[in-house]
Amino acid sequence: MALPYPPPPLAVPSSYPFHFLPSSSDPPYDILRTHPSLSLLSNCRTHQSLRETHAQMVKTGLHNTNYALSKLLELCVVSPHFDGLPYAVSVFETIQEPNLLIWNTMLRGLASSSDLVSALEMYVRMVSLGHVPNAYTFPFLLKSCAKSKTFEEGRQIHAQVMKLGCEVDRYVHTSLISMYARNGRLEDARKVFDTSSQRDVVSCTALITGYASRGDVRSARKMFDEITERDVVSWNAMITGYVENGGYEEALELFKEMMRMNVRPDEGTLVSVLSACAQSGSIELGREIHTLVDDHHGFGSSLKIVNAFIGLYSKCGDVEIASGLFEGLSCKDVVSWNTLIGGYTHMNLYKEALLLFQEMLRSGESPNDVTMLSVLPACAHLGAIDIGRWIHVYIDKRLKGVTNGSALRTSLIDMYAKCGDIEAAHQVFNSMMHKSLSSWNAMIFGFAMHGRANAAFDLFSRMRKNGIEPDDITLVGLLSACSHSGLLDLGRHIFKSVTQDYNITPKLEHYGCMIDLLGHAGLFKEAEEIIHMMPMEPDGVIWCSLLKACKMHGNLELAESFAQKLMEIEPENSGSYVLLSNIYATAGRWEDVARIREVLNGKGMKKVPGCSSIEIDSVVHEFIIGDKLHPQSREIYRMLEEMDVLLEEAGFVPDTSEVLQEMEEERKEGALRHHSEKLAIAFGLISTKPGTKLTVVKNLRVCRNCHEATKLISKIYNREIVARDRTRFHHFRDGVCSCCDYW
DNA sequence: CAACTTGTTA
């Protein structure tokens, strides 16, 4: 997976090759309107044909008329066939005296590109050149504000609207409502709504959307019921409103009611309903709609609907069909790419997601904020920090001022933290102007994961000083910080304050952290008291953490009962069997080990293989235990031998008790030596310059043995080694680990 | 010219 790094220089919009004479006044309108070159414009479906038609215009002198130019720009800006905005901008910059229509057209283009800063700059430029905005100007500008969720700018635009008396315009009025509604300012939206006696469907629909996105489905429904003449879009808005709030049943019910009332569904309806199916897992209804669409409505060629189907199948587990639909598209748009990438991420197919992302870049499609929001979690899971850094640079350069700036940065924090670079995560966090609660949470979790409980708590007090109320997730973050660092008393204190100080009902995760802390400390009684006290059933994670605690404290009896529970809840999870068998092995009870192994084999369950990966030069290399598949396998094993010699010289004695099977000591050592993380480290050592930090990601937890070995390796080779296991990070440096052997 | 489709943190 090689990405150009550092990212290629940004492509400057191709500069326009012609010189323009200052445009005086346009020739008579009738001549222009019927000019053959202009009728060619509407047939342009590609960038190339657009350029050709533009050349024609230059030949015939049309390029010196504002009328023809406005038509050209309009086409660039609204064409669904290609992204003509960069071309529009470069043409625009050459126009000597753009008229209001041209300014408005540019604003129209920028409004749909979700680049608020450019739109505002364009508006300021226009006004400072003495142009007076009209009723066509504001809807575009307000749409920009609505899309980028910037209420302050929106309010200033509102003031301008009032100054010019434009608020009586129907379109401006609706745009204002929509802007406030989309910013979550429903009271302001409602105020604007009430200033007019005209209750047109469009305004009502804007309010429905606003109420719904705030989670107030009841007000949305009330609004919906008040509309006397519903059109398709208002039905769609209500359906979408239900979908957004998890009311899939209601959404599908409303869809059926709509069909009964003979309202013909349009593209938007199907997209909303399919999204409801995708998110609720109603693959059956989705398939029905698929048949319906294919048979009657002739929507088969609609890109939006095909995209919706890709979303449906990829989220409901039929990735094959989804990618088939995707491949079958002759013309993919950015949403098609995003949907499938998001589907892969949703199905935990992270490698596929990254590969598709790279294919997207090669295809020339420009990723947007949504793309990055789907790709970054994949990087985070795989530890693909080079790609993550590339994306970071891309965001800073290309996605400046974009709608989801805060969400993007939060996702970056998470990516850096999970890829082992907690400093980079912290830097992103500190650079954020508007920190959302999610960004604070992501940072707290990052510190917790890295065993830096102090930093997590410092951050929490900083957050409180900033007047931000923590939510349930914040407190899970703090508790997990305690549990990763073994801070039992602090954990108890926080756990109490969840209900007492913050008035939050503890969820399973809060109990889980507390139980983990108690188990770790060997306080099994107290842990079991919590289990009895909590209002819900413990999940597999809780039993598993108790089982691990039993292993630490050598409590065989309890281990058996916890393992029993775990097997009841998650009979498919081979991990519980392996863990229990390891506990028996530690106690030397080999008959029990053999018995467990038989059960495992009998059920046809496979042990989840330990898998470690390391990213070298933007390529993620994966290793499984004893794996010889890597092209440089021979060098890797030679390195392993060298490492073992040096380890032995340093006095390292492998602890062989954790191996699943009972076998001769020598073979056991062999199996341990080839644990996947060691292969990854060996590969890292031979593939990087001396002194380079190595970062390894493992799907399971590190075993004691590898942990000890890695500590020594960091000293022997003078390398900082960062290892992420299933739950947390270990920073090995100079023979010690940041976890202080507590994990 | 406005209202309805892709998405992030635990």
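The values are calculated or read from the model by the stated rules, or taken from the named source; none is laboratory data. What you are looking at is a predicted structure, and each value in this text was computed from that prediction instead of being measured. When we count neighbours, we look across all protein chains shown, and the Cβ atoms used for this are built from the backbone with ideal geometry, even at glycine. We work out accessible area using only protein heavy atoms, side chains counted, and drop any ligands, DNA or RNA first. Shrake-Rupley method; radii C 1.70, N 1.55, O 1.52, S 1.80 Å.
Considering A:391, A:387, the condition of being under 29 Å from residue A:697 (Cα atoms), in contact (Cβ under 8 Å) with a residue 12 or more places away in the chain, more than 14 Å from DNA strand B (Cβ to nearest atom) and surrounded by 22 or more Cβ atoms within 10 Å (Cβ to Cβ) is satisfied by A:387 alone.
Sub-6 Å Cβ pairs linking a first residue in region A:61-83 that is within 30 Å of residue A:335 (Cβ to Cβ) and open to solvent by less than 10 Å² (accessible area, probe 1.4 Å) to a second residue that is assigned to a helix (DSSP H, G or I) and of a type outside the set (S, T, N, Q), at least 6 apart or interchain, are A:70/A:101; A:70/A:102; A:73/A:88; A:76/A:87; A:76/A:88, ordered by first then second residue.
Any chance you could count how many residues in region A:707-726 are in contact (Cβ under 8 Å) with a residue 40 or more places away in the chain and open to solvent by 50 Å² or more (accessible area, probe 1.4 Å)? Summing the residues that are in contact (Cβ under 8 Å) with a residue 40 or more places away in the chain and open to solvent by 50 Å² or more (accessible area, probe 1.4 Å) in region A:707-726 gives 3.
For residues that are outside any helix (DSSP H, G or I) and more than 7 Å from DNA strand B (Cβ to nearest atom), scanning just region A:360-380, find the one that is nearest to the chain's Cα centre (by Cα). My answer is A:367. When residue A:576 is tested against (1) open to solvent by 30 Å² or more (accessible area, probe 1.4 Å); (2) under 26 Å from residue A:595 (Cβ atoms), only condition (1) is not met. Does at least one position in region A:153-166 carry a residue that is open to solvent by 60 Å² or more (accessible area, probe 1.4 Å) and at positive phi? No, that holds for no residue. Of all residues in region A:347-373, which are open to solvent by 10 Å² or more (accessible area, probe 1.4 Å) and closer than 20 Å to residue A:421 by Cα? Within region A:347-373, A:350, A:373 qualify. When region A:175-201 is filtered for residues that are within 20 Å of residue A:215 (Cα to Cα), assigned to a helix (DSSP H, G or I) and either assigned by TED's automatic domain parsing to the domain that holds residue A:238 or within 13 Å of DNA strand B (Cβ to nearest atom) (or both), the ones remaining, listed by number, are A:177, A:178, A:179, A:180, A:181, A:182, A:189, A:193. Only residues that are open to solvent by 10 Å² or more (accessible area, probe 1.4 Å) and closer than 20 Å to residue A:76 by Cβ were counted in region A:118-139, giving 7.
Could you please give the count of residues in region A:214-240 that are closer than 23 Å to residue A:191 by Cα and within 8 Å of DNA strand B (Cβ to nearest atom)? Adding up the residues that qualify gives 3. When residue A:697 is tested against (1) in contact with a Lys or Arg (Cβ under 8 Å, 6 or more places away or on another chain); (2) surrounded by 15 or more Cβ atoms within 10 Å (Cβ to Cβ); (3) closer than 24 Å to residue A:517 by Cα, exactly one condition is not met: (3). When the test is whether a residue is at pLDDT below 80 and surrounded by fewer than 18 Cβ atoms within 10 Å (Cβ to Cβ), residue A:651 does not pass it. Number of residues in region A:626-638 that are more than 15 Å from residue A:686 (Cβ to Cβ) and open to solvent by 80 Å² or more (accessible area, probe 1.4 Å) equals 2. Pairing each residue of region A:255-278 that is within 8 Å of DNA strand B (Cβ to nearest atom) with any residue that is of a type in the set (S, T, N, Q) and open to solvent by 10 Å² or more (accessible area, probe 1.4 Å), provided the two are 6+ apart or on different chains, yields C-beta distances under 7 Å for A:267/A:302; A:268/A:236; A:269/A:236; A:272/A:236; A:272/A:240.
Modelled with pLDDT under 85 and surrounded by 19 or more Cβ atoms within 10 Å (Cβ to Cβ), is that true of residue A:293? So residue A:293 fits the description; yes.
Contact map, region A:512-538: first residue free of Cβ contacts under 8 Å to residues at least 24 places away in the same chain and buried (at least 16 other Cβ atoms within 10 Å of the Cβ), second residue in a helix (DSSP H, G or I) and of a type in the set (Ser, Thr, Tyr), Cβ cut-off under 7 Å, separation 6 or more or different chains; pairs are A:530/A:511.
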